[in-house]
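Below: the structure, in structure tokens.
The values are calculated or read from the model by the stated rules, or taken from the named source; none is laboratory data. None of these values were measured; they are calculated from a predicted model. Note that we place each Cβ from the backbone using ideal geometry, even for glycine, and neighbour counts take in every protein chain shown. When the accessible area is computed, the model is the full protein with side chains, heavy atoms only, and any ligands, DNA or RNA have been set aside. Shrake-Rupley method; radii C 1.70, N 1.55, O 1.52, S 1.80 Å.
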Amino acid sequence: MCGIVGILRLAGEDPNTQEIVQQMAATINHRGPDSEGVMSNKPCFFGFRRLAIMDVDAVSPPFCNEDETVWSIANAEIYNSEELKSWLVQKGHAFRTDVDTETLPHLWEELGPEFVQHLNGMFAFAIWDERQQRLMLGRDRSGEKPLYYWHDSKELVFASELRAMLAHPRVPRAVDPVALRRYLLHGFFPAPLSPIAGIRKLPAGNMLQVKDGRVEVSQYWDLADHYLQPSTKLKRERALVEELDTRIARAVELRRRSDVPLGVFLSGGIDSSCILAHLTNQAGPGVQAFTIGHRDPTFDESRIAQRTAEHFGAEFNELVLGEADLAEGLQLVGKGFDEPLGDASTIPTLLLSHFTRQKVKVVLSGEGADELFAGYPTYLGNKISGAYQRLPKSVRKFLLAAGRVVTPVSMGNVGLDYLLERFAAGAEMDLVERHHTWFGSISPDCHSKVFSQKLWHLLEEDDPFGSARDRLSGLQLPDSLAELLYMDFTLYLQDDLLTKVDRCTMLASLESRAPFLDHDLAEFVAGIPSSLKLKGITTKSILRKAVRKRLPKEVLQQRKRGFNIPFSRWLLHGLGDELRKRFSHERVEARGLFNPAGITEILDEHMERKADHRKPLFALLAFDMWCDAIYGDGAEVPVATTQPIINEARNNSSVRSRSALPLVSGSP
């Protein structure tokens, strides 16, 4: 993995451009501490930081074609690079290294923009074609690797991280109020929005082209295209289960390719245990497995993770965390995250990444399985809500009241009380609003109390669920579960989970790979009928059947937890006092974004055990820590006063169809 930055001058020259690119690249040295590279080919300038994984002693990118008219940089792992390189050599191309991304400029020469269809991997790349005076940026299908951009009439600027963008003196720094509202709802900034007005994330599965001064974004891949597959529907479940197991094995096999030590994040659940099972079957015993342990037993999965590791003969590595460790991790997150993320699991994930990096440089993880196979309890909640809404209103009211009596606020790890309150909050809403109220941080009905009057005036006409609604606009998916899975794949997975894993691992100079996000595997799973994913009350039903012979029985029966932390209780044991200081009336007013009374109400309800507000409080904390890092401790935050134009609709593009090149397949 690596970090990339660049500037394309659109009008006139700036003698400081190369120096600015170098300054931008210096801010993301953690993404690539092994070597660096630059390219100055006016009007295009590239900067690069390398984390060496393949051919570690090779020269650092940027890479070019034979006559140096096409240049590329990439934050990427191209898993089918060996097959692509073999095909290119047959075409007469010459290579200087065995680095996987050296294939990119040569593929561009042969195929133009369609080359992206033949990549199996995770990537964010930039290609400069000197002959055509054309810049092309691209991002992988799931959004594993980030890419930000900004432009005006003079230049286009891009980078792997927001911190690098803000190192450019002309890039704006005012907060986008619409994006901030989306963040309070979701706990993350949905692409293409970023915290800063004018700076955009290139959405997953998209490419950006700059030619003749025009900037155009087009979509080359969409998982929605694969939910309706007649050939898959005609297959018997047993055949689908067998094919699924084979495809998972292939995805793991591709992601084993590495010239440096490799391990696996092991949470004790089905997803990571499945990866360990296949990895052991392919590489033999002795795989390095890394997990989190907690001194709070309600959050601790380490024992089942340890037994799973022993079952497969893996080398078990456990990092045990207490409140002091979490406090240290919170400070690391506050200083290290370039974009706020309202997900408290960033803390253990960052600490685990640093711990893991002591032994390996690459780690496999289970991201994507929940969004593909229906692993979250909210999917079951959506199923239940249909029956719930058919009950008389008086009966619904009685059931909720009775449920609150028998499930008092516990502050535990996703206890029944927490699930009941989330269910009650959204059970009678429409599909989009219900799902994102359950999944989100601060419900829109609280936004008028939380925002300052100045910001609320800018947001009165905004639809807080706009990003989610746009994901489904114009689509015809087979059923409501498919709609939920697609929304989570393109929202929660892309902009929360993958953002978290990318930042946490990169801050530790560790590369993370997600076998479930192999695009051939994801396309196949999307086409499996929803009834085989959520079967009765069993989540991930078909995945459980595919791994049943591979995993210990207790793993299959384990309740989903993940790398969570006891944040609710931590607030009661001391962190709450720190939040009272951080969100004091004077400090909140000085920021100018929020209403002090609204935040105090949320904090008071939590501290008095009237409600579990772990998610809203962490979202507010993460954003305020980011404001400290960007604008200064407690300083006023500039706000963009004109609402930005948000275009989140999917684009049709000529590069969406694969050309028939059997030697250069996405899954060779």
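Under the rule of at least 5 residues apart or a separate chain, name every residue whose amide H is placed under 5 Å from the amide H of S512.
V363
How long is the gain from D633 to L380 if the chain were fully straight, where each residue apart is worth 0.36 nm and the alpha carbon distance is subtracted?
Contour length minus Cα-Cα distance gives 86.8 nm.
Classify region 83-186 as rounded, prolate or oblate, taking a ≥ b ≥ c as the square roots of the eigenvalues of its Cα gyration tensor: rounded when a/c is under 1.5, otherwise prolate if a/b is larger than b/c and oblate if not.
prolate
Hey, how many Å between the Cα centroid of region 245-277 and the Cα centroid of region 557-636?
That distance is 36 Å.
Which ³J(HN,Hα) values in Hz, rounded to whole numbers, follow from the phi angles of region 464-475 under the Karplus curve 6.51 cos²θ - 1.76 cosθ + 1.60, where θ = phi - 60° and Gly and Pro get x?
Per-residue couplings from phi come out as x, 8, x, 4, 5, 4, 4, 4, 9, 4, x, 8 Hz.
Test of understanding: given the chain, find the longest segment containing no GluC sites (Glu not before Pro) that are in a DSSP loop and have at most 14 other Cβ atoms within 10 Å.
69-427
Rolling a 1.4 angstrom probe over the protein heavy atoms, how many square angstrom per residue are accessible across region 465-530?
Value for region 465-530: 19 Å² per residue.
Using θ = phi - 60° and the Karplus curve 6.51 cos²θ - 1.76 cosθ + 1.60, what whole-Hz ³J(HN,Hα) does each residue of region 221-235 get, with Gly and Pro shown as x?
Values, residue by residue: 8, 8, 4, 4, 5, 10, 6, 10, 10, x, 5, 6, 5, 7, 7 Hz.
Where only protein heavy atoms count, and the probe is 1.4 Å, what is the accessible area per residue for region 180-250 in Å²?
38
Along the Cα→Cβ direction, 7 angstrom out, place labels at V56 and L431. What is the inter-label distance in nm?
Calculated label separation equals 4.9 nm.
Can you find, among A167, V320, Q22, the residue sitting farthest towards the positive end of the charge dipole of the chain, where Lys and Arg contribute +1 and Asp and Glu -1 at Cβ?
V320
For S448, what accessible area in Å² do you get when you roll a 1.4 Å probe over the heavy atoms of the protein chains, rounding to the nearest 10?
Rounded to the nearest 10, the figure is 60 Å².
Starting from the residue with the highest accessible area, list R139, R131 in decreasing order, probe 1.4 Å.
Heavy-atom accessible area, descending, gives R131, R139.
Starting at the first residue of region 271-284, write each ³J(HN,Hα) from the Karplus equation 6.51 cos²θ - 1.76 cosθ + 1.60 with θ = phi - 60°, in whole Hz, x for Gly and Pro.
3J(HN,Hα) across region 271-284, in whole Hz: 4, 5, 5, 4, 5, 4, 4, 5, 4, 5, 4, 8, 9, x.
Enter the accessible area per residue of region 62-178 (Å², integer; probe 1.4 Å; all protein chains in place).
Accessible area per residue: 28 Å².
Each label point is 7 Å from the Cα along the Cα-to-Cβ direction; what then is the distance between the points at E310 and K91, in nm?
About 5.3 nm, to one decimal.
With a ≥ b ≥ c the root eigenvalues of the C-alpha gyration tensor of region 1-131, is it rounded (a/c under 1.5), prolate (a/b larger than b/c) or oblate?
It is oblate, given that a/c is not under 1.5 and a/b is not larger than b/c.
Under the 0.36 nm per residue contour assumption, what length would be gained going from the current alpha-carbon distance of R295 and N281 to full extension?
Stretched fully, the R295-N281 segment lengthens by 1.8 nm.
Which lysines, on any chain, are close to K610 with Cα under 22 Å apart, when same-chain ones fewer than 8 places away are left out?
K397, K449, K581
Can you give me the % of accessible surface on the chain that is carbon or sulfur? Probe 1.4 Å, all protein chains present, nothing else counted.
That share works out to 50 percent.
How many nm is it between the label spots at S448 and E242, if each spot is 7 Å from the Cα in line with the beta carbon?
Here the answer is 6.1 nm between the modelled labels.
What label, among (i) -0.74; (ii) -0.88; (iii) -0.99, belongs to log10 I(q)/I(0) by the Debye sum over Cα atoms at q = 0.09 Å⁻¹ computed from the structure on display?
Of the labelled values, this structure produces (i).
Distance cut-off 31 Å, Cα to Cα: go down the list K42/K91; K383/K549; K91/K233; K361/K535 and report the pairs above it.
Listed pairs above 31 Å: K91/K233; K361/K535.
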